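Colleague: Below you'll find the structure I mean.
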């Protein structure tokens, strides 16, 4: 029996050694630099590292085994020690991205660091070099910011052009049509009685055509740039727009506006008004709704515009559709000012659109 127990113990010891060697090989072969920190009193000391860590430090990490966090990381020690201590205390994974300058090479790199707790008193730290990814993300953010700025300038130029065309139509075409109407009426009054009777139908047709053209010109001017937005402000423009929407669409439109004027500059007011126009247009085109509710309020320094309909409801696919240029335009208008547009199915059916734009930079 003792011989058998000895053989079993020897075999178990051999299997344990082989298991530890396999684990050691796996640890050494982890493709990202990995460090093992063990609790030592109030501090942590470096207990082990893998081949990737040795490569990235050009062998410098070997001289640091047994060193404390403070001794190994210098100026970076407070942040790293805080993360290691938090991981150890909470028994939880901690992640951080940081810029780190390697003393061995002098290079500064972006690192994604993950701290994982291993009972009873060990923290394993994985570091991944994400410099290229971080640079690409930075370049992408800068490119998007430039595109948004360009888009904002294009929208501002378009609004100025709309206003200019509207003024020209109003001042030139509108005055010409009004003068033509007066001239026709002047001629009608001065025709001989017999000729006036013969030409009465023709003159009435001419006056009707001029009146219709004047009305179309007024509608075009309003669509290009509603004068009420410049003259009376955003609240009056929203009230007028919802009334016109209800008249054109036949839908009931409930409006809730604040009693006091909202402190919003002209450019932001224009974008809020255009977002409302697009939201109401989408209701008329796609929602198959019976009514729509529009509300505007101030909330923690932000203007909040809600548009809610009782139609069929928007789908997730429609929200994410890259061809939905109207929705994209709404988001971009808000994003220029650091705001956002949230679009979702309403809880009781229909679609809910919420716009948030800071009233000041």
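Colleague: Just one of the numbered conditions (1) in the same structural domain as residue 118 (by TED's automatic domain parsing); (2) more than 42 Å from the chain's Cα centre (by Cα) is not true of residue 35; which one?
Modeller: Condition not satisfied by residue 35: (2).
Colleague: I'd like to know if the stretch 288-301 contains one or more residues that are under 29 Å from residue 163 (Cα atoms) and without any contact (Cβ under 8 Å) to a residue 24 or more places away in the chain.
Modeller: no
Colleague: Which is over 41 Å from the mean Cα position of the chain (by Cα), part of a helix (DSSP H, G or I), in the same structural domain as residue 118 (by TED's automatic domain parsing) and more than 18 Å from residue 113 (Cα to Cα), of 22, 63, 9, 17?
Modeller: Result: 63 is the single residue among 22, 63, 9, 17 that is over 41 Å from the mean Cα position of the chain (by Cα), part of a helix (DSSP H, G or I), in the same structural domain as residue 118 (by TED's automatic domain parsing) and more than 18 Å from residue 113 (Cα to Cα).
Colleague: Scan 246, 334, 342 and give me the residue that is part of a helix (DSSP H, G or I) and within 18 Å of residue 355 (Cα to Cα).
Modeller: Just a single option satisfies the conditions, and that option is 334.
Colleague: Within the stretch 46-75, how many residues are within 15 Å of residue 104 (Cβ to Cβ), touching a helix residue (DSSP H, G or I) at 6+ places or on another chain (Cβ under 7 Å) and crowded, with 17+ Cβ neighbours inside 10 Å?
Modeller: Residues that pass the stated criteria total 6.
Colleague: Same structure again: List the residue pairs whose Cβ atoms are under 8 Å apart, where the first residue sits in the stretch 10-29 and is under 27 Å from residue 125 (Cβ atoms), the second is at pLDDT 80 or above, and the two are 6 or more positions apart or on different chains.
Modeller: Sorted first by the residue in the stretch 10-29, then by its partner, the pairs are 27/34; 27/48; 27/50; 28/50; 28/51; 29/50; 29/51.
Colleague: Any residue in the stretch 45-57 that is free of Cβ contacts under 8 Å to residues at least 12 places away in the same chain and in the same structural domain as residue 125 (by TED's automatic domain parsing) sitting within a Cβ distance under 7 Å of a residue that is buried (at least 18 other Cβ atoms within 10 Å of the Cβ) and assigned to a helix (DSSP H, G or I)? List the pairs, counting only those 6 or more apart or interchain.
Modeller: Listed by first residue and then by second, the contacts come to 54/61.
Colleague: Only one of 180, 220 is at pLDDT 85 or above, surrounded by 12 or more Cβ atoms within 10 Å (Cβ to Cβ) and under 53 Å from the mean Cα position of the chain (by Cα). Can you tell me which?
Modeller: That would be 180, the only listed residue that is at pLDDT 85 or above, surrounded by 12 or more Cβ atoms within 10 Å (Cβ to Cβ) and under 53 Å from the mean Cα position of the chain (by Cα).
Colleague: Residue 92 passes all but one of (1) surrounded by 15 or more Cβ atoms within 10 Å (Cβ to Cβ); (2) in a loop (DSSP other than H, G, I, E, B); which number fails?
Modeller: Condition not satisfied by residue 92: (1).
Colleague: Out of all the residues in the stretch 291-323, which are within 18 Å of the chain's Cα centre (by Cα) and within 15 Å of residue 280 (Cα to Cα)?
Modeller: 305, 306
Colleague: How many residues does the stretch 100-140 contain that are out of contact with any strand residue (DSSP E or B) (no Cβ under 9 Å at 6 or more places or on another chain) and under 19 Å from residue 50 (Cβ atoms)?
Modeller: Of the residues in the stretch 100-140, 2 are out of contact with any strand residue (DSSP E or B) (no Cβ under 9 Å at 6 or more places or on another chain) and under 19 Å from residue 50 (Cβ atoms).
Colleague: Quick check on my filter: what residues within the stretch 76-89 are loosely packed, with under 14 Cβ neighbours inside 10 Å and more than 19 Å from residue 117 (Cβ to Cβ)?
Modeller: If the condition is that a residue be loosely packed, with under 14 Cβ neighbours inside 10 Å and more than 19 Å from residue 117 (Cβ to Cβ), then 78 is the only one that fits.
Colleague: Would you call residue 278 in a helix (DSSP H, G or I) and closer than 22 Å to residue 153 by Cα?
Modeller: yes
Colleague: Where the second residue is at pLDDT below 90 and surrounded by fewer than 16 Cβ atoms within 10 Å (Cβ to Cβ) and the first is under 19 Å from residue 311 (Cα atoms) and in the same structural domain as residue 317 (by TED's automatic domain parsing) and lies in the stretch 334-361, which pairs have Cβ atoms under 6 Å and are six or more apart or on separate chains?
Modeller: Once the first residue is under 19 Å from residue 311 (Cα atoms) and in the same structural domain as residue 317 (by TED's automatic domain parsing) and sits in the stretch 334-361, its partners that are at pLDDT below 90 and surrounded by fewer than 16 Cβ atoms within 10 Å (Cβ to Cβ) give 343/319.
Colleague: Among the candidates 324, 342, single out the residue that is in contact with a strand residue (DSSP E or B) (Cβ under 8 Å, 6 or more places away or on another chain) and either over 20 Å from residue 270 (Cβ atoms) or modelled with pLDDT under 90 (or both).
Modeller: 342
Colleague: Kindly indicate whether residue 127 is more than 27 Å from residue 266 (Cβ to Cβ) and in a helix (DSSP H, G or I).
Modeller: So residue 127 fails the test.
Colleague: Name the residue that is modelled with the lowest pLDDT, counting only residues in the stretch 249-272 that are surrounded by 14 or more Cβ atoms within 10 Å (Cβ to Cβ) and assigned to a loop (DSSP other than H, G, I, E, B).
Modeller: Checked the stretch 249-272; the qualifying residue modelled with the lowest pLDDT is 262.
Colleague: When residue 171 is evaluated against the numbered criteria (1) under 56 Å from the mean Cα position of the chain (by Cα); (2) at pLDDT 80 or above, which criterion, by number, is the only one it fails?
Modeller: All conditions pass for residue 171, except number (2).
The values are calculated or read from the model by the stated rules, or taken from the named source; none is laboratory data. This is a predicted model, so every value here is computed, not measured. All Cβ positions, glycine included, derive from the backbone under ideal geometry; neighbour counts span all protein chains shown.
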